[in-house]
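Below: the structure, in structure tokens.
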2 protein chains.
Amino acid sequence: MTPPRRLQLFVAYDGRPFRGWQSQKDGSGIQDHLETAVARLCGGERHPVHGSGRTDTGVHALGQVAHVDVPAARFSFVAQWRFALNAHLPPEIRILRCRWAKPGFHARFDAKGKVYRYRIWNGPVLPPLEIGRAWHVYHPLDRDRLREGAAIVTGRHDFFGFAASRGRAGDPADTIRTVNAVRITGRPGGLLTFTYEGDGFLYKMVRLITGSLIRCATGKEELAGPPPLPAPANRPAKSQYVAPAEGLTLVRVRY
Amino acid sequence: MTPPRRLQLFVAYDGRPFRGWQSQKDGSGIQDHLETAVARLCGGERHPVHGSGRTDTGVHALGQVAHVDVPAARFSFVAQWRFALNAHLPPEIRILRCRWAKPGFHARFDAKGKVYRYRIWNGPVLPPLEIGRAWHVYHPLDRDRLREGAAIVTGRHDFFGFAASRGRAGDPADTIRTVNAVRITGRPGGLLTFTYEGDGFLYKMVRLITGSLIRCATGKEELAGPPPLPAPANRPAKSQYVAPAEGLTLVRVRY
């Protein structure tokens, strides 16, 4: 029995065939596939795989990060883990890179920030190659309103109104996050890409912000931005406009 | 019974779910889907749909062009054909635009040129979102050899050696084509895109040229380019290196 060593994995996936990142009873989570692949390489022994955070069903990743403690001497070179794991994973999940983690590294607790990308196809007809990877918005969009909205949500705010959760109350400090930047590239009438950088994102926060930005860019409503800090005890109602999962990709985790 | 009028269609498709452009006995060709959609809007009457040319199973299109003669007065506005046809087509086939064709227009005979794009993912691991839309080439590629190869095939040549067909002989004039440009963007070690512009392409010609360019860029072989004109009666052997269909997209047809 060789001593365990912590392996850091950079994982990409197409979110469509899986029930999200998190382990599911029927084994359809991305985490399940990774744990099964690790077990196959470790004589059936299961080792928990910890991700930087969960992604929902249909959300893609180019740079999800995870760690797992494995028998150090299983392979001669750490790079062999990549080939071996990929051989036991479906093609829609790929280990792009792997390396030995720095001592004490934790994929979730050490994450300092994340970058998400949200893709929107704005036009009357969705090109077939965008199915499952962009949100189809056919209403004309106002670029200035998109820019204004992006400016409103950028910064350190109480994002309670942009978090999906059942609880109504809770400590305001729990929903304070910093969005460092929202970059919008492309153009209304074609492909629009929103890139979000922040120190962390609440559950469905990117999709709720995107849904609200699009709603206000159609001119139907003003954006009810996050309230100023310190967060008021009586916070505004939660946004109802959730952009669909398929447009979202976890691009990078910063440590 | 209203007189027929020729409708010009700009069609995009994901090539994966279909057996290529051409009509199939089991109705799985893209042409079949289009003809069925037209028939549904014309009281069951079938009208042949003519494309600018065939694409193979797995080949995508952003700008295939087709024509079909339809009852002129079926809708008040020509744009309604787009909405109505899309409502009867699978989401992997979309009419992006449609208009009344100029008198005498023929999608195939009037085509003056075509633009094809071929996408290659060059690296050890294929990112899942590239499945079915790029050729995965893991061997390191030499950028200079790619450029040299692209220069060799550009121009007016006898492309007999880059045409898939059973016949060995035939008139050399039948396989003379002009490739106006081969543009290579991206970089070895990542996503590479080859864009081909020409007055016409023989069966599998783009895939055969791409396969040969990649073969020579791995340093395994020199590129046996097309012979100079006039084409010799005894032409070189056909290339054996066919790049897979999934990396290819018909981008535009020029008239």
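How many of the residues making up the range A:126-185 are surrounded by 13 or more Cβ atoms within 10 Å (Cβ to Cβ), within 14 Å of another protein chain (Cβ to nearest Cβ) and not in a strand (DSSP E or B)?
Residues flagged as surrounded by 13 or more Cβ atoms within 10 Å (Cβ to Cβ), within 14 Å of another protein chain (Cβ to nearest Cβ) and not in a strand (DSSP E or B) within the range A:126-185 amount to 9.
Please find, among A:V65, A:V38, the residue that is outside any strand (DSSP E or B), in contact (Cβ under 8 Å) with a residue 24 or more places away in the chain and of a type in the set (V, I, T). Before the answer, list the steps.
Numbers: A:V65 fails: outside any strand (DSSP E or B).
Checking each option against the conditions leaves just A:V38.
Restrict the check to the range B:219-237 and report whether at least one residue is among the polar types (S, T, N, Q) and open to solvent by less than 30 Å² (accessible area, probe 1.4 Å). Even if it seems obvious, please write down each step before you answer.
Step one: filter the range B:219-237 for residues among the polar types (S, T, N, Q), giving B:234.
If we keep only those that are open to solvent by less than 30 Å² (accessible area, probe 1.4 Å) too, we end up with none.
No, because not a single residue in the range B:219-237 is among the polar types (S, T, N, Q) and open to solvent by less than 30 Å² (accessible area, probe 1.4 Å).
For A:G104, state whether it is more than 14 Å from chain B (Cβ to nearest Cβ) and at positive phi.
Yes.
Which one is nearest to the other protein chains (Cβ to nearest Cβ) among residues in the range A:116-125 that are open to solvent by less than 30 Å² (accessible area, probe 1.4 Å) and touching a Gly at 6+ places or on another chain (Cβ under 7 Å)?
Quick first cut of the range A:116-125, residues open to solvent by less than 30 Å² (accessible area, probe 1.4 Å) only: A:116, A:118, A:120, A:122-123, A:125.
Among the residues that remain, those that are also touching a Gly at 6+ places or on another chain (Cβ under 7 Å) are: A:118, A:120, A:122-123.
Numbers: A:Y118: 14, A:I120: 16, A:N122: 14, A:G123: 9 Å.
Residue satisfying both the conditions and the ranking: A:G123.
Could you count how many residues in the range A:186-217 are hydroxyl-bearing (S, T, Y) and outside any strand (DSSP E or B)?
Within the range A:186-217, the subset hydroxyl-bearing (S, T, Y) is A:193, A:195-196, A:203, A:210, A:212.
Still in the running and outside any strand (DSSP E or B): A:203, A:210, A:212.
Of the residues in that region, 3 qualify.
Failed condition for B:L192, given (1) out of contact with any strand residue (DSSP E or B) (no Cβ under 8 Å at 6 or more places or on another chain); (2) under 13 Å from B:R145 (Cβ atoms), with all others met?
In the conditions (1) out of contact with any strand residue (DSSP E or B) (no Cβ under 8 Å at 6 or more places or on another chain); (2) under 13 Å from B:R145 (Cβ atoms), B:L192 misses (1) alone.
Considering each of B:F10, B:F83, B:F18 in turn, give the residue that is among the aromatic types (F, W, Y), within 12 Å of another protein chain (Cβ to nearest Cβ) and either part of a strand (DSSP E or B) or in contact with a Leu (Cβ under 8 Å, 6 or more places away or on another chain) (or both).
Only one candidate qualifies: B:F10.
Hey, among B:L62, B:L96, which residue is hydrophobic (A, V, I, L, M, F, W, C), touching a Gly at 6+ places or on another chain (Cβ under 9 Å), open to solvent by 10 Å² or more (accessible area, probe 1.4 Å) and within 14 Å of another protein chain (Cβ to nearest Cβ)?
Numbers: B:L62 fails: touching a Gly at 6+ places or on another chain (Cβ under 9 Å).
Step by step, each of B:L62, B:L96 is checked, and only B:L96 is hydrophobic (A, V, I, L, M, F, W, C), touching a Gly at 6+ places or on another chain (Cβ under 9 Å), open to solvent by 10 Å² or more (accessible area, probe 1.4 Å) and within 14 Å of another protein chain (Cβ to nearest Cβ).
The values are calculated or read from the model by the stated rules, or taken from the named source; none is laboratory data. If you're wondering where the values come from, they're calculated on a predicted model, not measured in any experiment. FYI the Cβ positions are ideal-geometry reconstructions off the backbone, even for glycines, and counts take in every protein chain you see. For the accessible areas, the whole protein counts, side chains as well, though only heavy atoms, and no ligand, DNA or RNA atoms are used. Shrake-Rupley method; radii C 1.70, N 1.55, O 1.52, S 1.80 Å.
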